[in-house]
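Step one of this worksheet: look at the structure below.
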Amino acid sequence: MLKEGMIVGERYEIIGRVGSGGMADVYKARDHKLNRMVAFKVLKAEFSNDTNFVGKFQREAQAAARLSHPNIVNVYDVGEDNGINYIVMELVEGITLKDYITRKGKLSVREATSIAIQVSLGLEAAHNSGIIHRDVKPQNIIISIDGKVKLSDFGIARATSSNTISTNMMGSVHYSSPEQVRGGYSDAKSDIYSLGITMYEMVTGRVPFDGESTVSIAIKHLQEEMEAPTKYAQIPHSLEQIIFKCTQKSVDRRYNTMSEVVDDLKHSLIDPDGDFVRLAPLSSHAQTIMISPEEMEAIREGHTGNVPVVKPESDADYYKRKYEEYEGKEQYPGYDEDDEYEENEDEDEDGVSSKLEKAMTIGGFVIGGIIICILIFFIGKAAGIFNFGGKSTPTPTVTEAPADDEADTVKVPSFLGKTEEEAKAALKKDETPLGIKVTGEESSDKYEKGQIMYQNVPEGSKVAKNSTIEVKVSSGKMAADEVSLPNLVNTDQAEAEKTLHELGVEPKIASERVASDTVEVGKVVSMDPGAGQTVKKGDTVTLTISKGPEKLKVPDVSNEDQETAKKALEDLGLKVTVKEKPSKDVDKGKVVSTDPAAGSSVSSGDTVTMYVSTGADKIKVSDYVGLMADQAQQELEELGFVVKVEMSTVGNGKEGTVLKMNPPGGQELKVGSTITLTVKQGSDSEEKTILTEKSFKLTDPKNDIKYSGGKVKLTVTINDKEETLETLDTISFPHTVEVSNPSKAEKGKITLYEDGNYVTAWEVTFYE
């Protein structure tokens, strides 16, 4: 593991670790030669001497370095320094699409389409360069703080000079194409399938195929029809058809190229309800894929490991074995070990069937025998036939005795300073009916090694006779290079890491956060080794961080009356906001839909907006001329209208405002009809007065800023230079800040951090 402040390659200064995979760690680093921050990917030390690993690691860099595109994370450099093999990449600050979906529940149609277009453009560039990604998923798509979308992690990508790639190792099962699941070939159409699954998740907040195991999910990709996304979200017809075409089980029925996907996505923005997506008709070779018994066994064994487990296998051993198994096949596995597969040797159909039949028969006899034995045991126990080891004595527990029950209680003496043997001897001598149990040891400067330094019931307390008192003994004074760990549970992650660093101990953040109803999101749930344990300086302590309460699923309350639906949501611990919405299909007073949609994951205490039908087929539309187009579009779409936006530099008005409506405002229009907004587009020729100081009101109009009440730091970035504006114990919106602009830049960015973690950012302008 690289240390903070280390210089690698005579130019890259390590700032801190930001992630880890199966064979590589990723650090944030500063490139002193070019004075920029970069992502620094380092092959793990255990693989550095393996020429095969080094070769594969370098091939990843070579494949990715061929790609230069605004929607792909760029590779800057690759090298080796004193056995450290590294790849230097563009540092993209932001969040993954997966985290973004989790936060919002689901994305708007326009937002999802925009992201899909950008990802498609990146994949198109990769495919044109002969690179197939093979692991397209929301976890590998990054949304930067300035809104740019970038495709990352070509870790299982492979360059190809042909049209297909034979593969036995695949990406994440939730997003894998049927041909990847079968261990067949992968080409550009496999990426198209994975993109379709990703689009489905963006608009619905869920993946189309899920299950209790990777095997069950894989089978669903092969054999089950995908539920329509409109079951879980209101999306236009054209976008639904695009998703369906991307995710056809037959490669012949998918889009041929990413450019075709991009064209239809752009068309969808213009004509959302158009019927322009063409699906190829089913043919004899395009039916639902059936799995042969041989393939089923291969998939099952590839996921479950149908062999006796001797001992747990480390991550390093796992990946080393995988690479050795596939040596010479030019495979390039990714870093998500849970989602990888391998194809096994075929068996004939009869062999598989007979084995299964035999196993079922034997299993039936075994289970039947176990049940009979259990019945005989309990019958015999009840009759007194079985009495193993004589009369059993339950382990006594420490209980506080009632004050009036003196005969059955005893005072607890002090065991501090005694050894375990001395304490037991004293109890025997005084005929005190108590037991002692040593539960561990800790270092102590007060007590000698072996002496009791702690007892769980204080001296003088009354407990029931025959109770057991738990004690800890001293391990002696700590050595100069040892420290005793404090209790960091319920401590903010940043503060816990700082505390460990100050003690000379290396903090490690567990790869996955865990749900907790008692520990707030972002705080420590547990630590390993635990509080009070003695460790040496330089040792690693693993911190597990809370992701907050367990997620809930929004129930489907559509067509329920308002009060019934509201109560159902509130009973789950959710807050409810009611808004009216015209609907020709839902009776007045009943629920049309919710936001987040039914089936979306939310946390207890989250707000769900419930749209209740007004029953109106027509509604009077306000006049939005002169108002901001974003606000007008949002309100009109919430009312059930389709909004088409046209930009124009002709006309008087502020940039981004509505110049004209068609049909004009003030009329009663049929719900679902199209309203065209002509919006003022700025011109480079316009006179601008650059301000050296300006006041900005920071707002949270959509109530989607994930701020949980911690300490706040506001910064301003002007010409790529970030400075602190103010620090606050807490913040509420709207919040006004004064910003100086000494360089007279046109634009800047204000960023909100909570407890040192990025929350959100606002783009600001300094001209009138």
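Screening VAL737 with (1) at positive phi; (2) at pLDDT 85 or above gives one miss only, at (1).
Listed here are the residues, each with its yes/no results for (1) out of contact with any Cys (no Cβ under 9 Å at 6 or more places or on another chain); (2) in a helix (DSSP H, G or I); (3) at pLDDT 95 or above.
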{"residue": "GLU179", "(1), (2), (3)": "yes, yes, no"}
{"residue": "GLY183", "(1), (2), (3)": "yes, no, no"}
{"residue": "SER190", "(1), (2), (3)": "yes, yes, no"}
{"residue": "GLY196", "(1), (2), (3)": "no, yes, yes"}
{"residue": "ARG206", "(1), (2), (3)": "yes, no, no"}
{"residue": "ASP210", "(1), (2), (3)": "yes, no, no"}
{"residue": "SER216", "(1), (2), (3)": "yes, yes, no"}
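Tell me, please, whether a residue that is part of a helix (DSSP H, G or I), out of contact with any Lys or Arg (no Cβ under 8 Å at 6 or more places or on another chain) and either surrounded by fewer than 15 Cβ atoms within 10 Å (Cβ to Cβ) or at pLDDT below 80 (or both) can be found in the stretch 65-87. Walk me through it before giving the result.
Residues of the stretch 65-87 part of a helix (DSSP H, G or I): 65.
Subset that is out of contact with any Lys or Arg (no Cβ under 8 Å at 6 or more places or on another chain): 65.
In the following step, the residues that additionally are either surrounded by fewer than 15 Cβ atoms within 10 Å (Cβ to Cβ) or at pLDDT below 80 (or both) were identified as 65.
Scanning the stretch 65-87, I find at least one residue that is part of a helix (DSSP H, G or I), out of contact with any Lys or Arg (no Cβ under 8 Å at 6 or more places or on another chain) and either surrounded by fewer than 15 Cβ atoms within 10 Å (Cβ to Cβ) or at pLDDT below 80 (or both), so the answer is yes.
With respect to THR676, is the statement that it is assigned to a strand (DSSP E or B) and at pLDDT 85 or above true? Yes, satisfied.
Can you tell me which residue within the stretch 435-461, out of those that are within 10 Å of PRO413 (Cα to Cα) and not polar (S, T, N, Q), is surrounded by the most Cβ atoms within 10 Å (Cβ to Cβ)? Only one residue fits best here, namely VAL457. If you go through the stretch 730-753 and keep only what is of a type in the set (D, E, K, R) and touching a residue at least 60 places away in the same chain (Cβ under 8 Å), you end up with just LYS749.
Criterion applied to VAL650, VAL612 was being modelled with pLDDT under 90 and not in a loop (DSSP other than H, G, I, E, B), and the one residue passing it is VAL612.
Cβ separations smaller than 8 Å between residues 6+ apart or across chains give the following pairs from the stretch 106-120 residues that are farther than 13 Å from ILE143 by Cβ to residues that are small (Gly, Ala, Ser) and assigned to a helix (DSSP H, G or I): THR113/SER268. Put simply, of SER268, SER172, SER250, SER238 the only residue that is in contact with a Lys or Arg (Cβ under 8 Å, 6 or more places away or on another chain) and hydroxyl-bearing (Ser, Thr, Tyr) is SER172. Taking the stretch 435-446 as the range and being at negative phi and modelled with pLDDT under 85 as the test, the residues that pass are THR439, GLU441, GLU442, SER443, SER444, ASP445, LYS446.
Note on the stretch 398-414: residues that are loosely packed, with under 15 Cβ neighbours inside 10 Å, modelled with pLDDT under 90 and among the small types (Gly, Ala, Ser) total 2. Only residues that are at pLDDT below 90 and either touching a helix residue (DSSP H, G or I) at 6+ places or on another chain (Cβ under 7 Å) or not hydroxyl-bearing (Ser, Thr, Tyr) (or both) were counted in the stretch 579-594, giving 11. Residues in the stretch 629-643 that are buried (at least 16 other Cβ atoms within 10 Å of the Cβ), touching a residue at least 12 places away in the same chain (Cβ under 8 Å), of a type outside the set (Val, Ile, Thr) and not in a loop (DSSP other than H, G, I, E, B): ALA629, ALA632, GLN633, LEU636.
Against the conditions (1) modelled with pLDDT under 80; (2) part of a strand (DSSP E or B); (3) among the polar types (S, T, N, Q), ASN703 satisfies every one except (2). Close Cβ contacts (under 7 Å, 6 or more residues apart or on different chains) running from residues in the stretch 663-690 that are within 30 Å of SER743 (Cβ to Cβ) to residues that are modelled with pLDDT of 85 or more and outside any loop (DSSP other than H, G, I, E, B) comprise LYS680/SER648; LYS680/THR657; LYS680/LEU659; GLN681/MET647; GLN681/SER648.
Listed here are the residues, each with its yes/no results for (1) touching a strand residue (DSSP E or B) at 6+ places or on another chain (Cβ under 8 Å); (2) under 24 Å from MET37 (Cβ atoms); (3) at pLDDT below 90; (4) aliphatic (A, V, I, L, M).
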{"position": "TYR707", "(1), (2), (3), (4)": "yes, no, yes, no"}
{"position": "THR717", "(1), (2), (3), (4)": "yes, yes, no, no"}
{"position": "THR724", "(1), (2), (3), (4)": "yes, yes, no, no"}
{"position": "ILE731", "(1), (2), (3), (4)": "yes, no, yes, yes"}
{"position": "ASN741", "(1), (2), (3), (4)": "yes, yes, yes, no"}
{"position": "GLY748", "(1), (2), (3), (4)": "yes, yes, no, no"}
{"position": "THR751", "(1), (2), (3), (4)": "yes, yes, no, no"}
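Please go through the stretch 485-503 and pick out each residue that is surrounded by 16 or more Cβ atoms within 10 Å (Cβ to Cβ) and within 17 Å of THR518 (Cβ to Cβ). If the condition is that a residue be surrounded by 16 or more Cβ atoms within 10 Å (Cβ to Cβ) and within 17 Å of THR518 (Cβ to Cβ), then LEU488, VAL489, THR491, ASP492, GLN493, ALA496 are the ones that fit.
Identify the residue in the stretch 88-115 that is among the small types (Gly, Ala, Ser) and not in a loop (DSSP other than H, G, I, E, B) and, among all such residues, is modelled with the lowest pLDDT. Out of the qualifying residues, it is GLY94. Residues that are exposed (fewer than 15 other Cβ atoms within 10 Å of the Cβ) and over 29 Å from the mean Cα position of the chain (by Cα) were ranked within the stretch 601-619; the one that is farthest from GLN667 (Cα to Cα) is GLY615. Scanning the stretch 544-576 for residues that are in contact with a strand residue (DSSP E or B) (Cβ under 7 Å, 6 or more places away or on another chain) and assigned to a loop (DSSP other than H, G, I, E, B) yields LYS547, LYS551, VAL554, VAL557, SER558, ASN559, GLU560, LEU572, LEU574. In the stretch 575-588, is there at least one residue being within 27 Å of the chain's Cα centre (by Cα) and either among the basic types (Lys, Arg) or under 26 Å from ASP210 (Cβ atoms) (or both)? Looking through the stretch 575-588, at least one residue is within 27 Å of the chain's Cα centre (by Cα) and either among the basic types (Lys, Arg) or under 26 Å from ASP210 (Cβ atoms) (or both). Is the stretch 233-245 home to any residue that is under 15 Å from GLY205 (Cβ atoms) and surrounded by fewer than 22 Cβ atoms within 10 Å (Cβ to Cβ)? Yes, the stretch 233-245 contains a residue that is under 15 Å from GLY205 (Cβ atoms) and surrounded by fewer than 22 Cβ atoms within 10 Å (Cβ to Cβ).
Against the conditions (1) at pLDDT below 90; (2) in a loop (DSSP other than H, G, I, E, B); (3) in contact with a strand residue (DSSP E or B) (Cβ under 6 Å, 6 or more places away or on another chain), where does GLY417 fall short? Just the number, please. Unmet for GLY417, out of (1) at pLDDT below 90; (2) in a loop (DSSP other than H, G, I, E, B); (3) in contact with a strand residue (DSSP E or B) (Cβ under 6 Å, 6 or more places away or on another chain): (1).
Of the residues LYS28, LYS33, LYS44, which single one is surrounded by 19 or more Cβ atoms within 10 Å (Cβ to Cβ) and basic (Lys, Arg)?
Values: LYS28 fails: surrounded by 19 or more Cβ atoms within 10 Å (Cβ to Cβ); LYS33 fails: surrounded by 19 or more Cβ atoms within 10 Å (Cβ to Cβ).
Answer to the selection: LYS44.
The values are calculated or read from the model by the stated rules, or taken from the named source; none is laboratory data. None of these values were measured; they are calculated from a predicted model. Virtual Cβ from ideal backbone geometry, glycine too; neighbours counted across all protein chains shown.
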